[in-house]
Amino acid sequence: MDLYAEEILDHYKHPRHYGHLETPTLTFHDRNPLCGDEIELELKIEDGKVTDMAFTGHGCAVSRAAASMMSEEIIGKSLEELRGWDKKDIIDLLGIEVGPVRLKCALLPLKAMKAAVWGLAEDE
Amino acid sequence: MPTTTMTQSTKSQSPTLDIAAIRADFPILQRRVHGLPLVYLDNAASSQKPHAVIQAMSRYYEQTNANVHRGVHTLSEEATAQYEGARAKVSNFIGACCPKEVIWTRNATEAINLVAYTWGRANLKRGDRVLLTEMEHHSNIVPWQILSAEIGFEIDYVRVADDGTLILDDLSKLLTPRTKLFGFTYMSNVVGTLNPVQLLTEAAHRVGAVVMLDACQAVPHMPVHLQALDVDFAAFSGHKMLGPTGIGVLWGRRELLNAMPPWMGGGDMIREVHLSGFKPSELPWKFEAGTPAIAEAIGLGAAVDYLSQVGMEAIHQAERDLVSYAMQRLPEVTGLKILGPAAEKRGGLVSFTLDAAHPHDIAAVLDNLGIAVRAGHHCAQPLHERYRIPASARASFYLYNTREEVDLLVKGLQKVVEMFSF
Ligand SMILES: Cc1ncc(COP(=O)(O)O)c(C=O)c1O
């Protein structure tokens, strides 16, 4: 089935950049209480650019694959660029059609990343 | 009308249902999902509807439709008779003293809110306590939390043991002389546990607390006689018992209902209105402001007729048989953990987790195989927190489900494991 394309399952089973950074510059924790997805995102920032990222948490295949794919994409990008990211960037990365119910899962990593680069506190 | 007969199974001693005949009464069971026959295992969320219910509602709209309790014209009189007739059927079905103890609401949630906002506001004060359980559905927690913030009473919870049963050792400590209400579910919609309603009710009454029973998962699935249980209030929803959405029931002992202030104000709930004030109507209309869900009430009446003809004891036994079978087969799936007690202590549902996959992924893969199960916290987040899991998957059965469908579920889950295993 589409939602579980080979690539999604691969990122789910072997998430890239899963774990922790030694000295993260920004961290952000976010959750999706309805389905219990949870992500802890860490970014290393040097000269206004993301030089490393790590994440942990638990969630469904869609949310974990989205985090893993995003991690590969954002390293090397400037904070300025990342502030401009939106829904479409993640959906394109996933390369699958995500129905309305699972959209929240797919967008959780993006939400956490945007909050981190905008420097929001966790309750904002 | 159902075309079912009771037959004695050669395999088990319990009476079983003529499932093929029952299935033929449910048009939706003919449909396919993703090209495969629908296997509907989400009955605890909402049940399917037999032809008899759908017919009763369309017949009402085609031949009777009018407002109730108002006109003197033929249609209005017929509508009123059918609408009140449905109330009498429900009253009979749940062992109420009389139809006036049956208050129509939109659903169980509204029924519990009604009790909180009328009985609760009139009877609870700062310093009082309300006892609930950790396994309650949000609809039997949040109304009390809202009211507690307004009034300042305390809420205590009966905790749940690892096996999904209530921990009752310190019940006498939790039921203090200040405890004014004990609200609990007859059957958990997550772990399936059937709670000892009579024992809990007696304990509540010993300290003078009123009992609010959430009968949402019980009334659709087993014989329930509310007067015999001796509870004070009970709530359930029509859509979980073969009836339509938009209709539910608050049952209450009439002394309590009579003493309670009305809730929503408007037409139908008043005896007289003057510019200087109003006098409320008598039971049950006192709590039914505005034009009610007439077709839905009539639909629920037809659902109750259907269930009674099949027989609630037979339905209960058939579901128990199905849940035992499911609990015997599910552990064949690698990494599957069942939540809740042994089959003897539960009704017809089973929730579980898989090591390999998140409940959302389980439900999505099963859906692709035509199998409908629920994934999430099933509106019981505190219970999931207690088990330290974010979510679970749930298969819940009803009178039309079969052992073959359980086999398909097991096969589907094996496929999930195959797909997601590392
Ligand atoms: C035990 C229990 N209580 C209450 C409810 C709420 O029912 P409704 O949403 O129809 O008001 C449900 C339904 O999910 C339930 O299972």
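The ratio of the alpha-carbon radius of gyration of the range B:264-407 to the globular-protein estimate 2.2 N^0.38 Å is 1.52. Maximal additional length on extending the B:Arg254-B:Leu168 stretch stands at 28.0 nm, based on 0.36 nm per residue less the C-alpha distance. Can you give the translational diffusion coefficient of the protein assembly as shown in µm²/s, computed by Stokes-Einstein from the Kirkwood radius over Cα pairs at 37 °C and 0.692 mPa s? Stokes-Einstein gives a translational diffusion coefficient of 128 µm²/s. Take the residue pairs A:Lys104/B:Lys240; B:Lys337/B:Lys415; A:Lys13/A:Lys49 and return only those whose Cα atoms are more than 23 Å apart. In this structure, A:Lys104/B:Lys240; A:Lys13/A:Lys49 exceed 23 Å between Cα atoms. Would you kindly give the portion of the calculated P(r) for chain B that falls above 40 Å, as a percent of all Cα pairs? Result: 19 percent of Cα pairs exceed 40 Å. Per the Cα gyration tensor, chain A maps to an equivalent ellipsoid with semi-axes of 22, 15, 14 Å, ordered largest to smallest.
Legend: mean number of C-beta atoms from other chains within 10 angstrom of residue C-beta atoms, peptide B:349-361, equals 3. Take the Cα pairs of the range B:160-283, get the Kirkwood Rh, then feed it into Stokes-Einstein at 10 °C and 1.306 mPa s and tell me D in µm²/s. Using the Kirkwood radius from Cα pairs, D works out to 96 µm²/s.
The relative contact order of chain B comes to 22 percent, based on Cα pairs under 8 Å that sit 6 or more residues apart.
For the range B:28-109, the Kirkwood estimate of hydrodynamic radius, built from reciprocal distances between every pair of different alpha carbons, is 15.6 Å. Take each peptide in B:335-348, B:161-174, B:143-156, count the other Cβ atoms within 10 Å of every residue, and average; sorted highest first, the result is B:335-348, B:143-156, B:161-174.
Every number here is computed from the coordinates shown, using simple stated rules; none is lab data. Treat the numbers as computed from the prediction; the structure is a model and nothing was measured. Note that we place each Cβ from the backbone using ideal geometry, even for glycine, and neighbour counts take in every protein chain shown.
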